[in-house]
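Reading through the structure tokens given below for one structure.
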Amino acid sequence: MSDINDVKEKLIAFREARDWKQFHKPKDLALSLVLESAEVLEHFQWKSTKEIEEYVKTHKHDIAEELADVFNWVILLSHDLDIDIIDAANKKIEQNDKKYPAEKAKGSAKKYTHYQS
């Protein structure tokens, strides 16, 4: 697996070579992130669980490209906002571990407020 910093450097170089930073305001990056996320969702819309299982087998590359678009927008937005996304992700996992204690939340899809005492 490639290092996230390698990906970030390639994305920044790609953007700089095209002089696109001028268009990459946080609002526009966030909007692009949402739009690409919707493109991921389109792959699953209107399909049953069984249909999705079959679809993924034949469209994995297409789904991967859309997920990569989402990932790339996250990387660019976090870079431009000076957010260490790996650190933020790790802190969020720790926060969720407290909100959803395994002994209470295992096998349940209830919201974290259900587990608060």
Revision key, fill the gap. Note on the chain: helices (DSSP H) long enough, at least 15 Å by alpha carbon along their axis, and hydrophobic enough, mean Kyte-Doolittle at least 0.0, are 26-42
**Study point:** Q22/K47 FRET efficiency (R0 25 Å; Cβ-Cβ; nearest 0.05)
**Key:** 0.05
Review point. Between H114 and E39, what FRET efficiency comes out of the Förster formula 1/(1 + (r/R0)^6) with R0 = 22 Å and r the beta carbon distance, rounded to 0.05?
Key: 0.10
Review point. For K110, which aspartates and glutamates qualify as cross-link partners when the Cα separation must be under 16 Å and same-chain residues fewer than eight apart are set aside?
Key: D97
**Study point:** Over 25 Å between alpha carbons, listed pairs K8/K91; K8/K92; K57/K92
**Key:** K57/K92
Point to revise | Accessible area per residue in Å² at 1.4 Å probe, computed on the chain | key: 78 Å²
Revision key, fill the gap. Expressed in angstrom and ordered largest first, the alpha-carbon extents of segment 21-117 along the principal axes are 48, 40, 18
Revision key, fill the gap. For segment 108-116, in residue order, the Karplus 3J(HN,Hα) values (coefficients 6.51, -1.76, 1.60; θ = phi - 60°; whole Hz; Gly and Pro = x) are 10, 9, 6, 5, 4, 5, 5, 9, 6
Check your understanding: Distance from the Cα centre of segment 65-117 to that of segment 8-57, in angstrom?
Key -> 18 Å
Exercise for review: Mind checking the full-extension length gain between I93 and Y55? Use 0.36 nm per residue of separation minus the Cα-Cα distance, one decimal, nm.
Suggested key: 10.7 nm
Revision key, fill the gap. Note on the chain: contact order normalised by length, alpha-carbon pairs under 8 Å, 6 or more apart, percent, works out to 28 percent
Check your understanding: Quick one: with all protein chains in place, what share of the accessible area of the chain is carbon or sulfur, to the nearest percent (1.4 Å probe)?
Key -> 57 percent
**Study point:** Sites matching trypsin sites (Lys or Arg not before Pro) across segment 1-70 that sit in DSSP coil, with at most 13 neighbouring C-beta atoms within 10 Å
**Key:** K47
Review point. Taking segment 1-52, which chymotrypsin sites (Phe, Trp or Tyr not before Pro) meet the DSSP loop condition and have no more than 10 other C-beta atoms within 10 Å?
Key: W46
Check your understanding: Taking 0.36 nm per residue of separation and subtracting the Cα-Cα distance, what length does fully extending Y100 through E9 add?
Key -> 29.2 nm
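The values are calculated or read from the model by the stated rules, or taken from the named source; none is laboratory data. What you are looking at is a predicted structure, and each value in this text was computed from that prediction instead of being measured. When we count neighbours, we look across all protein chains shown, and the Cβ atoms used for this are built from the backbone with ideal geometry, even at glycine. Note: accessible area is taken over every heavy atom of the protein model, side chains too, but ligands, DNA and RNA are not part of it. Shrake-Rupley method; radii C 1.70, N 1.55, O 1.52, S 1.80 Å.
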